[in-house]
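Participant: Just dropping this structure here.
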Amino acid sequence: MTGPDDPDWRWEFRCEDFVYARLAEQQTAAEALSPGPTRDQALTNVDTIYLIASQHNIWIDMRGRSAGRCITCAPGDGGVPCYTMRGLARLWSHHPDYRPGWNQHVEDPGSATHQEYKQRSTIYSRREAELNAFYDRFDLVQTDTGEHWRCKTCGACGEEQRPILASDYPFAITGAPREHPTCPERNET
Ligand SMILES: [Zn+2]
Ligand SMILES: [Zn+2]
(Lines give C-alpha, C1' and ligand atoms only; values in the text may rest on other atoms or scores of the structure.)
(Ligands and ions follow the chains in the order given, each with its own letter.)
Protein backbone atom coordinates (compact mmCIF):
# COMPACT_ATOMS: atom_id res chain seq x y z
CA MET A 1 0.00 0.00 0.00
CA THR A 2 1.24 3.44 -0.78
CA GLY A 3 0.54 6.50 1.29
CA PRO A 4 0.92 10.27 1.12
CA ASP A 5 4.70 9.99 1.71
CA ASP A 6 5.14 7.92 -1.42
CA PRO A 7 6.07 10.18 -4.38
CA ASP A 8 3.78 8.05 -6.53
CA TRP A 9 0.84 8.38 -4.15
CA ARG A 10 -2.20 9.32 -6.18
CA TRP A 11 0.00 9.85 -9.22
CA GLU A 12 -3.08 9.50 -11.42
CA PHE A 13 -4.34 12.80 -10.11
CA ARG A 14 -0.94 14.42 -10.61
CA CYS A 15 -1.09 13.67 -14.29
CA GLU A 16 -4.46 15.29 -14.75
CA ASP A 17 -3.54 18.14 -12.41
CA PHE A 18 -0.52 18.71 -14.65
CA VAL A 19 -2.71 18.89 -17.74
CA TYR A 20 -5.17 21.27 -16.10
CA ALA A 21 -2.35 23.50 -14.82
CA ARG A 22 -0.83 23.77 -18.30
CA LEU A 23 -4.23 24.48 -19.82
CA ALA A 24 -4.87 27.25 -17.32
CA GLU A 25 -1.54 28.81 -18.33
CA GLN A 26 -2.43 28.53 -22.00
CA GLN A 27 -5.83 30.02 -21.39
CA THR A 28 -4.23 33.04 -19.69
CA ALA A 29 -1.72 33.39 -22.51
CA ALA A 30 -4.45 33.17 -25.15
CA GLU A 31 -6.59 35.76 -23.39
CA ALA A 32 -3.62 38.14 -23.38
CA LEU A 33 -3.45 38.16 -27.18
CA SER A 34 -4.95 41.08 -29.03
CA PRO A 35 -8.44 40.44 -30.39
CA GLY A 36 -8.49 38.73 -33.77
CA PRO A 37 -8.47 35.36 -35.45
CA THR A 38 -5.19 34.26 -33.85
CA ARG A 39 -6.58 34.87 -30.37
CA ASP A 40 -9.86 33.17 -31.27
CA GLN A 41 -8.06 30.11 -32.55
CA ALA A 42 -5.77 29.98 -29.52
CA LEU A 43 -8.80 30.10 -27.21
CA THR A 44 -10.57 27.43 -29.22
CA ASN A 45 -7.48 25.22 -29.07
CA VAL A 46 -7.35 25.47 -25.29
CA ASP A 47 -11.08 24.94 -25.05
CA THR A 48 -10.83 21.84 -27.24
CA ILE A 49 -8.17 20.29 -25.06
CA TYR A 50 -10.28 21.07 -21.99
CA LEU A 51 -13.14 19.29 -23.71
CA ILE A 52 -11.06 16.19 -24.40
CA ALA A 53 -9.57 16.21 -20.92
CA SER A 54 -12.98 16.52 -19.27
CA GLN A 55 -14.04 13.29 -20.94
CA HIS A 56 -11.12 11.48 -19.32
CA ASN A 57 -11.18 12.76 -15.77
CA ILE A 58 -10.61 10.23 -13.07
CA TRP A 59 -13.70 9.54 -11.07
CA ILE A 60 -13.45 10.08 -7.34
CA ASP A 61 -16.27 9.17 -5.05
CA MET A 62 -17.00 10.81 -1.74
CA ARG A 63 -15.22 8.01 0.08
CA GLY A 64 -12.01 9.07 -1.68
CA ARG A 65 -11.88 6.06 -3.96
CA SER A 66 -10.69 6.76 -7.47
CA ALA A 67 -11.61 4.89 -10.62
CA GLY A 68 -11.28 5.13 -14.36
CA ARG A 69 -14.64 6.10 -15.79
CA CYS A 70 -13.91 7.88 -19.04
CA ILE A 71 -16.75 8.95 -21.29
CA THR A 72 -15.00 7.89 -24.47
CA CYS A 73 -12.49 5.17 -23.67
CA ALA A 74 -12.03 2.06 -21.59
CA PRO A 75 -9.36 2.98 -19.06
CA GLY A 76 -9.22 -0.65 -18.01
CA ASP A 77 -7.20 -1.25 -21.16
CA GLY A 78 -4.41 1.10 -20.20
CA GLY A 79 -4.77 1.79 -16.50
CA VAL A 80 -5.55 5.03 -14.77
CA PRO A 81 -5.05 7.72 -15.88
CA CYS A 82 -6.04 6.57 -19.32
CA TYR A 83 -3.80 6.88 -22.35
CA THR A 84 -5.73 9.91 -23.53
CA MET A 85 -4.98 11.95 -20.41
CA ARG A 86 -1.35 10.83 -20.50
CA GLY A 87 -1.19 11.73 -24.16
CA LEU A 88 -2.50 15.21 -23.38
CA ALA A 89 0.19 15.60 -20.73
CA ARG A 90 2.73 14.87 -23.45
CA LEU A 91 1.79 18.14 -25.15
CA TRP A 92 3.99 19.69 -22.44
CA SER A 93 6.65 17.00 -22.21
CA HIS A 94 9.41 19.63 -21.87
CA HIS A 95 7.83 21.14 -18.79
CA PRO A 96 9.87 20.42 -15.61
CA ASP A 97 6.83 18.89 -13.87
CA TYR A 98 6.28 16.40 -16.66
CA ARG A 99 7.00 12.77 -15.78
CA PRO A 100 8.31 10.68 -18.69
CA GLY A 101 6.88 7.58 -17.01
CA TRP A 102 3.39 8.75 -17.90
CA ASN A 103 4.05 7.87 -21.52
CA GLN A 104 6.57 5.06 -21.33
CA HIS A 105 4.26 2.90 -23.43
CA VAL A 106 4.43 5.46 -26.23
CA GLU A 107 8.13 6.25 -26.14
CA ASP A 108 9.32 2.65 -26.39
CA PRO A 109 10.15 2.17 -30.11
CA GLY A 110 9.40 -1.54 -29.76
CA SER A 111 5.86 -1.03 -28.52
CA ALA A 112 2.87 -1.56 -30.77
CA THR A 113 1.46 1.82 -29.78
CA HIS A 114 4.67 3.54 -30.86
CA GLN A 115 4.84 1.78 -34.21
CA GLU A 116 1.17 2.41 -34.87
CA TYR A 117 1.15 6.14 -34.31
CA LYS A 118 4.47 6.73 -36.06
CA GLN A 119 2.88 5.54 -39.27
CA ARG A 120 1.12 8.90 -39.42
CA SER A 121 -1.86 7.44 -41.22
CA THR A 122 -5.29 6.13 -40.42
CA ILE A 123 -6.21 2.48 -40.59
CA TYR A 124 -8.83 3.37 -43.17
CA SER A 125 -6.30 5.03 -45.45
CA ARG A 126 -4.06 1.96 -45.25
CA ARG A 127 -6.91 -0.36 -46.18
CA GLU A 128 -8.84 1.89 -48.54
CA ALA A 129 -7.35 0.68 -51.83
CA GLU A 130 -7.90 -2.98 -51.02
CA LEU A 131 -11.37 -2.35 -49.64
CA ASN A 132 -12.48 -0.43 -52.70
CA ALA A 133 -10.96 -2.90 -55.16
CA PHE A 134 -13.00 -5.68 -53.59
CA TYR A 135 -16.29 -3.91 -52.89
CA ASP A 136 -16.39 -2.28 -56.33
CA ARG A 137 -16.83 -5.72 -57.85
CA PHE A 138 -18.04 -8.02 -55.09
CA ASP A 139 -20.35 -8.31 -52.12
CA LEU A 140 -19.29 -10.16 -49.03
CA VAL A 141 -22.26 -12.36 -48.17
CA GLN A 142 -22.64 -13.36 -44.55
CA THR A 143 -24.50 -16.55 -43.71
CA ASP A 144 -25.19 -18.39 -40.48
CA THR A 145 -22.12 -20.54 -40.97
CA GLY A 146 -19.63 -18.35 -42.76
CA GLU A 147 -19.15 -15.88 -45.56
CA HIS A 148 -18.42 -15.85 -49.29
CA TRP A 149 -17.91 -13.42 -52.12
CA ARG A 150 -20.53 -12.75 -54.79
CA CYS A 151 -19.89 -10.97 -58.06
CA LYS A 152 -22.09 -7.89 -58.33
CA THR A 153 -22.29 -8.22 -62.10
CA CYS A 154 -22.97 -11.90 -62.80
CA GLY A 155 -23.87 -13.25 -59.38
CA ALA A 156 -21.10 -15.86 -59.31
CA CYS A 157 -20.26 -16.93 -55.79
CA GLY A 158 -17.15 -18.16 -54.06
CA GLU A 159 -17.06 -21.11 -51.74
CA GLU A 160 -18.32 -20.44 -48.28
CA GLN A 161 -15.58 -20.01 -45.74
CA ARG A 162 -15.55 -19.80 -42.03
CA PRO A 163 -13.78 -16.63 -40.94
CA ILE A 164 -10.81 -17.08 -38.66
CA LEU A 165 -11.85 -16.10 -35.20
CA ALA A 166 -10.49 -12.72 -34.15
CA SER A 167 -9.46 -11.87 -37.71
CA ASP A 168 -11.36 -9.11 -39.49
CA TYR A 169 -9.80 -10.04 -42.81
CA PRO A 170 -12.09 -12.25 -44.92
CA PHE A 171 -10.52 -14.88 -47.18
CA ALA A 172 -12.72 -13.52 -49.96
CA ILE A 173 -10.75 -10.27 -50.19
CA THR A 174 -7.82 -12.05 -51.80
CA GLY A 175 -9.78 -15.08 -52.97
CA ALA A 176 -12.36 -13.32 -55.12
CA PRO A 177 -9.99 -11.55 -57.54
CA ARG A 178 -8.01 -14.78 -57.89
CA GLU A 179 -11.03 -16.99 -58.50
CA HIS A 180 -12.98 -14.47 -60.56
CA PRO A 181 -10.31 -12.24 -62.14
CA THR A 182 -12.58 -11.06 -64.92
CA CYS A 183 -16.35 -11.19 -65.11
CA PRO A 184 -17.80 -12.62 -68.33
CA GLU A 185 -20.80 -10.32 -68.11
CA ARG A 186 -18.88 -7.19 -67.49
CA ASN A 187 -18.53 -4.84 -70.43
CA GLU A 188 -14.97 -3.77 -70.17
CA THR A 189 -14.24 -0.88 -72.50
ZN1 LIG B 1 -9.90 7.96 -21.11
ZN1 LIG C 1 -18.98 -11.92 -62.40
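The values are calculated or read from the model by the stated rules, or taken from the named source; none is laboratory data. Here the structure is a predicted model, which is why all the values come from computation and not from measurement. With ideal geometry, Cβ positions are generated from the backbone for all residues, glycine too; neighbour counts draw on all protein chains shown. Surface accessibility is based on the protein's heavy atoms, side chains included, excluding ligands, DNA and RNA. Shrake-Rupley method; radii C 1.70, N 1.55, O 1.52, S 1.80 Å.
Participant: To the nearest µm²/s, what D does Stokes-Einstein give for the chain at 20 °C and 1.002 mPa s, using the Kirkwood radius over alpha carbon pairs as Rh?
Facilitator: 100 µm²/s
Participant: Still on this model: Provide the gained length on full extension for the span D5 to S111, in nm with one decimal, where the gain is 0.36 nm per separating residue minus the Cα-Cα distance.
Facilitator: 34.9 nm
Participant: Express the accessible area of the stretch 1-75 per residue in Å², computed with a 1.4 Å probe while the remaining protein chains stay in the model.
Facilitator: With all protein chains present, the stretch 1-75 gives 67 Å² per residue.
Participant: Another question about this same structure. Rounded to the nearest 500 deg cm²/dmol, what is the calculated helix-only ellipticity per residue at 222 nm for the chain, with -39500 (n - 2.57) per DSSP H run of length n ≥ 4?
Facilitator: After summing the helix terms and dividing by residue count, I get -13000 deg cm²/dmol.
Participant: Here's a follow-up. Take the alpha carbon atoms of the stretch 11-118, find their radius of gyration, then divide it by 2.2 N^0.38 Å using N residues; give the quotient.
Facilitator: 1.17
Participant: Using a 7 Å offset from the Cα along the Cα-to-Cβ direction at both H95 and Y135, what is the distance between the two label points in nm, to one decimal?
Facilitator: According to this spin-label approximation, the distance is 4.1 nm.
Participant: Let me ask something else about it. Take the Cα gyration tensor of the stretch 1-60, multiply each eigenvalue by 5, square-root it, and list the three semi-axes largest first, rounded to whole angstrom.
Facilitator: 32, 12, 5
Participant: Heavy atoms only, probe 1.4 Å: what % of the accessible area of the stretch 11-118 goes to carbon and sulfur, would you let me know?
Facilitator: After summing per-atom areas, the C and S share lands at 56 percent.
Participant: Of H94, Y117, F134, whose Cα points farthest to the positive end of the dipole of the chain (charges on the beta-carbon: +1 Lys, Arg; -1 Asp, Glu; origin at the Cα centre)?
Facilitator: H94
Participant: If packing is taken as the average count of other Cβ atoms within 10 Å, what order do 177-186, 87-96 fall into, highest mean first?
Facilitator: Packing order, densest peptide first, comes out as 87-96, 177-186.
Participant: After finding the eigenvalues of the alpha carbon gyration tensor for the stretch 123-179, what semi-axes result from the square roots of 5 times each, listed largest first in whole Å?
Facilitator: Calculated on Cα positions only, the semi-axes equal 17, 16, 9 Å.
Participant: Hey, another quick one. How far apart, in nm, are the 7 Å Cα→Cβ label points at E185 and C154?
Facilitator: Between E185 and C154, the simple spin-label model gives 0.9 nm.
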